[in-house]
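Down below is the structure, laid out as structure tokens.
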Amino acid sequence: MIQNNVIHAAYVNGVKKLLFLGSSCIYPKMAPQPMTENALLTGPLEPTNESYAIAKIAGIKLCDAYRAQYGCHFISAMPTNLYGPNDNYDLKNSHVLPALMRKFIEAKRDDQPFVEIWGSGTPLREFMHVDDLADACYFLMQNFDEAGFINVGTGEEISILDLAMLIKDTVGYTGEIKLDRSKPDGTPRKLMNNQKLAGLGWRSGVSLKTGVENIFQTVKNNF
């Protein structure tokens, strides 16, 4: 309802250009990898975030409808998994990267013998620093004006276990990593195809290693 009201208000008030941000969860759970923009609505969604995905898809379609009916310059972009210094680091409801960062910081502080992560560690995920998304948004407002939507990603992926190892090394934790295989893995792979955006001339500039080090330095004394 919020997004629909904002999009409608942008039309009523003659906003020159609007950028609607969605999420990679709009894609079918088993979409071919890397996920291209034309995979939208080609299969069932991931059940655990279906409602959120449907809301985002509705936002894309609403922007397209205002564009088609009224000539509005409304565009949509779908970013991959984001992380950054002002993320949610709550252990119960945060995403995987900030949750792991906090786990390893606290394990080092408390001299814990191991850190437990969910699942097998094999699922592949893509992560982009929020500063890259901000840069991409600015770029798209100047260089993109089409119906539909465009993926915003890095084009690189990492397994959950390798991500945990990267964060462990960054934090300087020397204990073990244990896998809780009783917990679900979720979708086996989620990688955005970013060729459409790359074709316009934009690429991400913050490597995962650099980005993880950046947020560690920012939040290491917060817990």
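The values are calculated or read from the model by the stated rules, or taken from the named source; none is laboratory data. Quick caveat, the model's predicted, so the values are computed rather than measured. Here the Cβ is made from the backbone with ideal geometry for all residues, glycine too, and neighbour counts use every protein chain on show.
Remarks
- Criterion: aromatic (F, W, Y) and under 30 Å from I177 (Cα atoms) - qualifying residue of F149, F139, F114, F144: F114
- The residues of region 107-166 that are buried (at least 19 other Cβ atoms within 10 Å of the Cβ), touching a Gly at 6+ places or on another chain (Cβ under 7 Å), outside any helix (DSSP H, G or I) and modelled with pLDDT of 95 or more, listed by number, are V115, E126, M128, H129, F149.
- The listed residues are G43, G14, and the only one of them that is in a loop (DSSP other than H, G, I, E, B), in contact with a Phe, Trp or Tyr (Cβ under 9 Å, 6 or more places away or on another chain) and either without any contact (Cβ under 8 Å) to a residue 40 or more places away in the chain or surrounded by 16 or more Cβ atoms within 10 Å (Cβ to Cβ) (or both) turns out to be G43.
- Just one of the listed residues (N49, N86) is out of contact with any helix residue (DSSP H, G or I) (no Cβ under 7 Å at 6 or more places or on another chain), under 22 Å from I2 (Cβ atoms) and at pLDDT below 95, and it is N86.
- Out of D180, D135, D145, D131, one residue alone is in contact with a His (Cβ under 8 Å, 6 or more places away or on another chain), of a type outside the set (A, V, I, L, M) and touching a residue at least 24 places away in the same chain (Cβ under 8 Å). It is D145.
- Within region 30-40, the set of residues being surrounded by 18 or more Cβ atoms within 10 Å (Cβ to Cβ) and assigned to a loop (DSSP other than H, G, I, E, B) comprises A31, P34, L40.
- Number of residues in region 54-90 that are in a strand (DSSP E or B), under 23 Å from S159 (Cβ atoms) and either among the polar types (S, T, N, Q) or free of Cβ contacts under 8 Å to residues at least 60 places away in the same chain (or both): the value is 2.
- Pairs, first more than 20 Å from S159 (Cα to Cα) in region 200-223, second assigned to a loop (DSSP other than H, G, I, E, B) and at pLDDT below 95, C-beta under 7 Å, six or more apart: T218/P85; V219/P85; V219/Y89
- There is at least one residue in region 71-80 that is exposed (fewer than 15 other Cβ atoms within 10 Å of the Cβ) and either of a type in the set (G, A, S) or touching an Asp or Glu at 6+ places or on another chain (Cβ under 9 Å) (or both).
- Within region 168-210, tally of residues that are farther than 20 Å from P34 by Cβ and not in a loop (DSSP other than H, G, I, E, B): 11
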